[in-house]
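Derivation of every value follows stated rules applied to the coordinates shown; laboratory data play no part. Given the structure is predicted, the values throughout are model-derived calculations rather than measurements. Glycine also receives a Cβ, built like all others from the backbone with ideal geometry; neighbour counts cover every protein chain displayed.
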Amino acid sequence: MRVAEVIRSSKVVTDWGKWSNDSMGKQVFPLLKRRGACLRYGVSYRWRLIRFTALGRVFRLLVAYRQDVAEFKAHLAVEQDADMTVLCSWEYHGTHPGWHMHVCCEEAAAITSGIVRPVGAHRLPGSKAKHRLLRFAPPKFASMNDNAALAEVSQRFRLDPEDLLSLRVEP
């Protein structure tokens, strides 16, 4: 199973999660080889964890963004017992232009689990290559917000919204 197969496959979202500014617990996105044994974003980030099944496996998609510094990250990982194997990260940083992905193109079984950026991960497009996607918010949105972030990952990772009202602003 490769990341492209996961993205192209049909998925069943088992938990859309909720947007939060709370501190993330270790159980949200465990990475056992990382210091602290997990990936965490601070309270300055707005984050959401989406869980889905595909190809007979369970996946987690951690989405986090900050408007004040134009920062966005979405980490796709497959669950491996108590650990996770990160397959790719879709990112935007206000410090340099362009949306890009850090991706391992190998079979998931060959990717080191427990770390955010496994050995062999490639940046697409490369740092010096031309970037076609330069705006922080998706074209239909004036700025990055919960709906824009959810629309971005839904399109990028081919997740179907649960219903037409799922992209509404949550209280």
Tally up the residues in the stretch 71-121 that are crowded, with 19+ Cβ neighbours inside 10 Å and among the basic types (Lys, Arg), please. 1
For the stretch 50-57, check the following and say yes or no: at least one residue is outside any strand (DSSP E or B) and touching a residue at least 12 places away in the same chain (Cβ under 8 Å). yes
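So, in the stretch 1-43, how many residues would count as being hydrophobic (A, V, I, L, M, F, W, C), closer than 22 Å to GLY56 by Cα and outside any loop (DSSP other than H, G, I, E, B)?
Taking the stretch 1-43 as the starting set, the residues that turn out to be hydrophobic (A, V, I, L, M, F, W, C) are 1, 3-4, 6-7, 12-13, 16, 19, 24, 28-29, 31-32, 37-39, 43.
With the extra rule that they be closer than 22 Å to GLY56 by Cα, the set shrinks to 1, 3-4, 6-7, 12-13, 16, 28-29, 31.
Right, trim to outside any loop (DSSP other than H, G, I, E, B) and you get 3-4, 6-7, 12-13.
Here the count works out to 6.
Looking at this structure, is SER113 in a loop (DSSP other than H, G, I, E, B), closer than 21 Å to ILE7 by Cα, in contact with a strand residue (DSSP E or B) (Cβ under 6 Å, 6 or more places away or on another chain) and among the polar types (S, T, N, Q)?
Values: in a loop (DSSP other than H, G, I, E, B): yes; closer than 21 Å to ILE7 by Cα: yes; in contact with a strand residue (DSSP E or B) (Cβ under 6 Å, 6 or more places away or on another chain): yes; among the polar types (S, T, N, Q): yes.
Yes: the conditions hold for SER113.
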